[in-house]
Amino acid sequence: MNVPMLDLPAQFRKIQGEVMPEITRIFETQYFILGPNVKKIEEQMAGLAGMKCGIGASSGTDALLLSLMAINIRPGDEVITTPYTFVATTEAIVRTGGTPVFVDIEKDSFNLDVKQAEAAITPRTRALLPVHLFGLVIDPDAWRAVAQKHKVTLIEDAAQAVGAKRKTWVAGGIGDISAFSFYPTKNLGGAGDGGMVLTRTDELAATVRSDRMHGGHDRYYYDRLGICARLDEIQAAVLAIKFKYLGEWNERRRALATLYNHLLEGAPVTMQAVPADAYHTYHQYVIRAPRRDDLKEYLKTRGIASDIYYPVPLHLQECYGYLGYKQGQFPNAESLALDSLALPINAELSDAQVEFVAKSIQDFYRGVAA
């Protein structure tokens, strides 16, 4: 049985009748930049998270960069974040001239440890940048309390968590500013790159809107050094249509995760710990697996895709060698990098496919031949 990590063609077939007429209309009007669909998805995303303003961006990476630019991160400013995330999180910090300050993750949730983050705050700290990893939202009350106590900006990297919730909070609506990715593999993915910044104030939103248009307040008049980071109308049209199905698709992912949890009982694997007050949206379903690399190869022989998020923590990446971090400084992140394995999960997956994946994992640990 073939079990892919994603089946985007199957997802497209379900919405093709809605998407293609809208794409044709855009080409007929030739209105490609910052049109009505961009405004629509901005309003949809802001409404979902309970934030005042949404500003479409050209990618999730640019959404993070715009968020940091909006609070004027400068050389010498420190931003506390996680070493266990996609490189864009820290790449954006460095591109503004800031310094990423890593602290370890929680062993069970895989999310950044808020207590260690608070302990790392110095007079140079300007912002906290936690990630809602794999679709599990950080503890909103704890993070908000630390940010307010130390008067630093709380920026959410919500790239993997659209529609996820914790307590009464929705991902992207917890901090002062937040960044989303619409990369095609995300729970809400476009037909290419795209991103979104959400802000709590009109002032921050105005800065982000200016910065995504080269820093201008009017055509050919520039107040700031900005970038070109607009969300285009075609991407926005696809996203606005898919947005209607986001809740349904997230629910399907959650159902499949519950099935995995049940079927993997007794296997020597552990799952990301999910607090009772969390609504996990499972951008990835990640297990910790003994003999991870052997298991991955075994699954491949059975036609089952899997992936590793992330094989090398950021503090050990060559590009961040100048920061001076060493092996052993963040044991939870380093340990997770050695045994984590992401299994197929998407709204198009069948129960039978999940059952086959789980049985294959059970067979591997029982020594059953492929």
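For the reader, a short list of remarks on this structure follows.
- Computed over the stretch 40-152, relative contact order equals 22 percent, with contacts defined as Cα pairs under 8 Å that lie 6+ residues apart.
- Karplus-based coupling profile of the stretch 339-356, in residue order and whole Hz: 10, 7, 8, 8, 9, x, 7, 6, 5, 8, 6, 8, 4, 4, 5, 5, 4, 5, with θ = phi - 60° in 6.51 cos²θ - 1.76 cosθ + 1.60 and x standing for Gly or Pro.
- Whole-Hz ³J(HN,Hα) from phi, Karplus 6.51 cos²θ - 1.76 cosθ + 1.60, for the stretch 328-333, glycine and proline x: x, 6, 10, x, 5, 5
- Ellipticity estimate at 222 nm from DSSP helix runs (n ≥ 4, -39,500 (n - 2.57)) divided over the chain, nearest 500: -12500 deg cm²/dmol
- Most mobile listed residue (221, 320, 285) in the chain, GNM with C-alpha springs under 10 Å: 221
- The stretch 133-178: trypsin sites (Lys or Arg not before Pro) in DSSP loop, at most 16 other beta carbons within 10 Å: 151, 167
- Projected-area average for the chain over all orientations - Cα convex hull basis, square nanometres: 18.6 nm²
- Protection proxy ranking of 306-313, 129-136 - average other beta-carbon atoms within 10 Å, highest first: 129-136, 306-313
- All other residues whose Cβ lies under 13 angstrom from that of residue 198 are scored, Lys and Arg at +1 and Asp and Glu at -1, for a net of -3.
- By DSSP, the beta bridges lying fully in the stretch 123-197 are antiparallel in about 45 percent of cases.
- For the stretch 231-274, the spherically averaged projection of the C-alpha convex hull amounts to 4.6 nm².
- The coefficient of translational diffusion for the stretch 34-131, derived via Stokes-Einstein from the alpha carbon Kirkwood radius under 25 °C and 0.890 mPa s, stands at 167 µm²/s.
- Summing +1 for each Lys or Arg and -1 for each Asp or Glu among the other residues whose beta-carbon sits under 10 angstrom from that of residue 153 gives +1.
- Apportionment of accessible area to carbon and sulfur, the stretch 1-152, percent (1.4 Å): 55 percent
- In this structure the amide hydrogen of residue 214, modeled in the peptide plane, comes within under 5 Å of the amide hydrogens of 227, 228, 229, none closer than 5 places in sequence on its chain.
- Of 22, 42, 334, the one that fluctuates the most in a GNM where the chain has Cα springs shorter than 10 Å: 22
- Rounded accessible area per residue of the stretch 235-370, 1.4 Å, Å²: 44 Å²
- Beta bridges from DSSP with both residues in the chain: antiparallel share about 65 percent, rounded to the nearest 5.
- Relative contact order of the chain, defined on C-alpha pairs under 8 angstrom at six or more residues apart (%): 22 percent
- Across 52/115; 40/149; 107/165; 39/244; 165/242, pairs whose alpha-carbon gap is larger than 26 Å: 52/115; 40/149
- Solvent exposure of the stretch 135-184, expressed per residue, is 31 Å² of accessible area, with all protein chains present and a 1.4 angstrom probe.
- Count Lys and Arg as plus one, Asp and Glu as minus one, and take only other residues whose Cβ is under 12 Å from that of residue 75; the net charge is then +2.
- Choice from 321, 56, 189 showing the highest fluctuation, given a GNM over the chain with Cα pairs closer than 10 Å: 321
The values are calculated or read from the model by the stated rules, or taken from the named source; none is laboratory data. All values derive from a computational prediction rather than experimental measurement. Virtual Cβ from ideal backbone geometry, glycine too; neighbours counted across all protein chains shown. Surface areas here come from the heavy atoms of the whole protein model, side chains and all, with no ligands, DNA or RNA. Shrake-Rupley method; radii C 1.70, N 1.55, O 1.52, S 1.80 Å.
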